[in-house]
Amino acid sequence: MTRNRLMMVGAAALALMVAGGVVAGGMQDAPPQDATPAADPVADALRATTTGESAPAGDPAPANPIAIVPPAPAIETAAIEDDAADADEEAADDEDKEEGETDEEKAERLAPDTPAPRQRRRVAIVEAIDKITAESMRFEVEVGGRPVRFNQSLIFTARACEVAAENELVADSIAYLEVTLQPRGTVRAEPRQIFRGWMYASTPALSGLQHPIYDAWVVGCKE
């Protein structure tokens, strides 16, 4: 009896497993269903507690606009009086100085500072670069001497080279250069001047040679 009961229980379990597999396979082959939001009991409780509250009543808008006048700025009279007193004292000091000086001393005192003459140098230091090959070089050009050729194409001639005086605002080096373009090996070609003028070491981007292939600027002057 016990053996037969066990066989019946096993057969029933096997039948249930087969039926579940069939049901699961059929659910996977069915078309997808639309997604729905998951239940959130906390959010539902918060919404239930806030639905009964009403918004606070606001004050009605005025019928006419209200003009807002900014307050007048406070004027510090004490600071103005102090500045006026300082100006009066400076004017009195100037009058005292002017009473005891001659016209020549006064003219010398009021005259602007004239810059001292610049000092001339014998050699100009130039830097040039070939923008295609990235070849650059810093070289010397003698004032009034033999021209210098760079990269087989550019010819530099220096006419003057000066340094700023001690009382000038900017310590600078200034050179008057002439730059001619004549590639080596083309003797029959006419040399073409591409720059002539003053170059300033303090502003190379503004006063230097600007060419599609070459750039050149003065670096300094030397004895």
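The values are calculated or read from the model by the stated rules, or taken from the named source; none is laboratory data. Source: prediction; values computed, not measured. We place every Cβ from the backbone using ideal geometry, glycine too, and count neighbours over all the protein chains shown. For the accessible areas, the whole protein counts, side chains as well, though only heavy atoms, and no ligand, DNA or RNA atoms are used. Shrake-Rupley method; radii C 1.70, N 1.55, O 1.52, S 1.80 Å.
Just a few scattered comments:
- FRET E, pair Asp103, Lys222, Förster distance 41 Å, beta-carbon r, rounded to 0.05: 0.35
- Ligands, DNA and RNA left out, the 1.4 Å accessible surface of the stretch 110-223 is 51% carbon and sulfur atoms.
- Projected label distance in nm at Lys131 and Val170, using a 7 Å step from Cα toward the beta-carbon: 2.2
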